[in-house]
Amino acid sequence: MVGQSLPPTVSQRLLPELCIMLAALCALCSLTLLVVAPSRYGGPVGLGLVATAFIGAALKLEARLGRRRFVLHFATETLRLERLTWAPSATRLETIPFDDVTAVDVFEHPPGRYFIRVTWKAVPKKGRPKEQREERTAVLVDQVRPSEVETMWRVRRMLHNAFGLKASAP
C-alpha cells in the first residue's frame, strides 16, 4: 500500500521558484554594480544580502511544503517513510519493521484538520544497549478535511491492524 501527500497548489510550488529568480536577479545586479563602479561596495553588498535573504525564504517555503510518502510492504513487514525534498539526493528515507511500531494515533489541528501519526521504537545508536531505544514519531497523513474523517478512521484502523497493535478503536 502506498500513501502520498497531495501535490501542493500552483502558488505554493511557484513561490519558492519566484524567490530563487529574484535572488538570481539581485546577484546579477550586484555583479553588474561591481563591474560598473568597482570602488563602491555599498550597493553590491546590500544586493548580495537581499539575494541571500531570498534564498533563505525559498528554502523555508520549500521545506514548509512537507511532501511525504509512506509505503507498507506486507511481504517484508516494513513501513518505509520518505520525506521528499527539492533535491532528490536529499530525500530522507527510513524503513521501520512492523514489530517496532507502538502506536497509530489520530490528532486534530486547531482549525479542524486531522492527521495520523505513527510512533515506533527507533534502532539504538551504536554503542548503546538495545533497551535504550528512543521513541520516534512521524506524520503519515496530514491536513485531512472534516468531510474525509470517516475514510481517515478506516485508514487508521487498517494501519493499526497491519502493525499488529491490540485494541483497535473505531
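Structure data summary
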{"quantity": "Segment 98-122 residues that are on the phi > 0 side of the Ramachandran plot, paired with ones that are surrounded by fewer than 16 Cβ atoms within 10 Å (Cβ to Cβ) and of a type outside the set (D, E, K, R) (beta carbon under 8 Å, 6 or more apart)", "calculated": "GLY112/PRO146"}
{"quantity": "Residues that are touching a Leu at 6+ places or on another chain (Cβ under 7 Å) and at pLDDT 90 or above, drawn from segment 81-97", "calculated": "ILE96"}
{"quantity": "Any hit, segment 3-11, residues being modelled with pLDDT of 90 or more and over 30 Å from ASP100 (Cα atoms)", "calculated": "no"}
{"quantity": "Single residue of segment 20-77 satisfying the filter (under 20 Å from VAL10 (Cα atoms) and touching a Lys or Arg at 6+ places or on another chain (Cβ under 9 Å)) that is modelled with the highest pLDDT", "calculated": "ARG69"}
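The values are calculated or read from the model by the stated rules, or taken from the named source; none is laboratory data. None of the values given here were measured: they were computed from a predicted structure. Using ideal geometry, Cβ is built from the backbone for each residue, glycine included, and neighbour counts are taken over all protein chains shown.
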